[in-house]
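First up is the structure itself, then whatever we jot down about it.
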Amino acid sequence: MTDIEPKKPDPRKLGDFLVVSKGAISNAVEKQISTYASSGQLKPIGEILLEQGIITKDELDNSLRNQRIARLAGCPVFASLTKTELSALSKYFTEVNVAPGVQFIMQGEEDPSMYVIGSGLVEVYRVDNAGNEFPIAQVGEGEPIGEMGYFSGGRRNASVRAIHPAILLKAKYEDLTHYFENVPRVAMAFTQVIEYRRKELEKITSNNE
């Protein structure tokens, strides 16, 4: 969706960062699917493996950290950072699981957070005064979401919901300020993403007026 060249998103799943059998992963996936079907709750694979006693809390934390670093490396805003820098950055991000159809950014509301799509697909759209929805874009793995709110106090100018089950990396703007304002490589990439998204939003808005 951006016009800068990002690294390709890291396709590895959490199981690729854990020393566990494929059978254990398959069983955990089946458990995840059955839990979602019965309760609508999208429980993380790592949490299921922990509950089953297959991995320890330390193993889960380490695997999540390594996966988070790999995912941030695939985001165009942070792709220029070294692994050491990404490791430091990753401490500010947490994983959020979002089920299909769930809206996690609401137009007009304030949310001082930026997201990176770890996996899945989300839809960005606007709603006019009559309640009509106008799609803006579909955003997939590796892309940032909610970055434009950085310059508006977190107020959202569009809504976002998951199309497919999505794992998001979420961080507060205040924890990213150092990177956006004092690390030239990140600041430049961030500015390019903002400008591209602003133009796309203006184009959609003008077409629907």
Where residues in the range 150-163 are basic (Lys, Arg) and assigned to a strand (DSSP E or B), which of them is modelled with the highest pLDDT?
161
Could you tell me which residue of the range 105-140 is surrounded by the most Cβ atoms within 10 Å (Cβ to Cβ), considering only residues that are more than 20 Å from residue 198 (Cα to Cα) and not hydroxyl-bearing (Ser, Thr, Tyr)?
118
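Quick one: how many residues across the range 76-118 are under 17 Å from the mean Cα position of the chain (by Cα) and assigned to a loop (DSSP other than H, G, I, E, B)?
Going through the range 76-118, the residues under 17 Å from the mean Cα position of the chain (by Cα) turn out to be 76-79, 86-87, 89-106, 111-118.
After this cut, where a residue has to be assigned to a loop (DSSP other than H, G, I, E, B) as well, the list is 76-79, 91-93, 99-102, 106, 111-112.
Here the count works out to 14.
For the range 187-209, does any single residue satisfy the condition of being assigned to a loop (DSSP other than H, G, I, E, B) and either surrounded by 21 or more Cβ atoms within 10 Å (Cβ to Cβ) or in contact (Cβ under 8 Å) with a residue 40 or more places away in the chain (or both)? Give the derivation first.
As a first pass, look at the range 187-209 and keep what is assigned to a loop (DSSP other than H, G, I, E, B): 208-209.
Retained after the next criterion (residues that are either surrounded by 21 or more Cβ atoms within 10 Å (Cβ to Cβ) or in contact (Cβ under 8 Å) with a residue 40 or more places away in the chain (or both)): 208.
Yes, that holds for at least one residue.
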Hits in the range 98-154 - residues which are under 30 Å from residue 45 (Cβ atoms) and touching an Asp or Glu at 6+ places or on another chain (Cβ under 6 Å)
114, 117, 119, 125, 138
Kindly indicate whether any position in the range 126-149 is of a type in the set (Phe, Trp, Tyr), at pLDDT below 90 and in contact with a Phe, Trp or Tyr (Cβ under 7 Å, 6 or more places away or on another chain).
yes
Index of the failed condition, residue 15 passing every other in (1) under 17 Å from residue 96 (Cα atoms); (2) part of a helix (DSSP H, G or I); (3) at pLDDT below 85
(1)
Checklist (1) more than 30 Å from residue 33 (Cα to Cα); (2) surrounded by 17 or more Cβ atoms within 10 Å (Cβ to Cβ); (3) of a type in the set (Lys, Arg) applied to residue 172, failing item:
(2)
Total residues in the range 32-48, condition surrounded by 14 or more Cβ atoms within 10 Å (Cβ to Cβ) and either of a type in the set (Ser, Thr, Tyr) or in contact with a Phe, Trp or Tyr (Cβ under 6 Å, 6 or more places away or on another chain) (or both)
3
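The values are calculated or read from the model by the stated rules, or taken from the named source; none is laboratory data. From a predicted model like this one, the values you see are computed outputs, not experimental measurements. A quick note on method: Cβ atoms are made from the backbone with ideal geometry, for glycine too, and the neighbour counts reach across all protein chains shown.
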